[in-house]
1. From largest accessible area down, sort TYR52, TYR31, TYR185; use a 1.4 Å probe on the protein chains.
2. Let me have the 222 nm mean residue ellipticity of the chain computed from DSSP H runs of 4+ only, each contributing -39500 (n - 2.57), with the sum over all residues rounded to the nearest 500.
3. For a quick protection proxy, order the peptides 80-93, 131-144 by their average other-Cβ count within 10 Å, most packed first.
4. Heavy atoms only, probe 1.4 Å: what % of the accessible area of the range 1-134 goes to carbon and sulfur, would you let me know?
5. Using a 10 Å cut-off on Cβ atoms, rank the peptides 150-161, 63-74 from the highest mean neighbour count down.
6. Of the cross-linked pairs LYS44/LYS178; LYS136/LYS184; LYS136/LYS178, which ones have a Cα-Cα span greater than 32 Å in the structure shown?
7. Full extension from ALA100 to MET147: what is 0.36 nm times the residue separation minus their Cα-Cα distance, to one decimal in nm?
8. Quick one: of the DSSP bridges fully inside the range 1-139, what percent are antiparallel, nearest 5?
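The values are calculated or read from the model by the stated rules, or taken from the named source; none is laboratory data. In this text the structure is predicted, and so the values were computed from the model without any measurement. Note that each Cβ is placed from the backbone with ideal geometry, even for glycine, and that neighbours are counted across all protein chains shown. Please note that ligands, DNA and RNA were not included when accessible areas were found on the heavy atoms of the full protein model with its side chains. Shrake-Rupley method; radii C 1.70, N 1.55, O 1.52, S 1.80 Å.
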Amino acid sequence: MKTYILSGGKSSRMGTDKGLVQLHQKPLISYLIETLQKLDFDIKIIAHHSDYHKFNLEVIKDIYPEKGPLGGVFTALNDAQTDCFIISVDTPFITEKQIAQLLENHQKNQLTLAFSEDKIYPLFGIYPFHLFEKLKENILQNQLKLMKFVDENSPKKIEFNFSSLEKQNINTFEELKKAEKLLKYGD
């Protein structure tokens, strides 16, 4: 499965590129890369920082810079030219088993997203290529709200029971410290 790690955000709450921030002596993005490589996926990183090249994966820049996650999804679909798996760098503890569960429940041409505790995870999912033109239209009209786009395209929601660590979204240094504690001591 063509897989894209979205790492191109501004990281405004973190103040530095969050995918490169150290967590237990390794960059945050390393956790996802290690998991995805076990699944033998074709992995690419969507990012602007040149330091991402050190992971020996292809790094792609957003076609439309500064258009948020919607721009990242568009860039991924443009590169893939087929359905592709999208995951955000700030959710590094998703497991192989959870990714496999998402794939098993995906049907071609269906937007398939993780769902847990009444919350959709729009950056842990499979985006069908047929949404490419709709994404482009939204970007060109500067309609960049990812959840609005998701809601308008009838996602198939796959139910997960995430642990505190697995659902950890790391956008601030406070959340990074929480993840460090969860890694060390568990839930």
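1. TYR185, TYR31, TYR52
2. Computed mean residue ellipticity for the chain: -10000 deg cm²/dmol.
3. My ranking of the peptides, most packed first, is 80-93, 131-144.
4. Of all accessible area on the range 1-134, carbon and sulfur atoms account for 46 percent.
5. My ranking of the peptides, most packed first, is 63-74, 150-161.
6. Beyond 32 Å: LYS136/LYS184; LYS136/LYS178.
7. Extra length available between ALA100 and MET147 comes to 14.6 nm.
8. Bridges in the range 1-139 are about 50 percent antiparallel.
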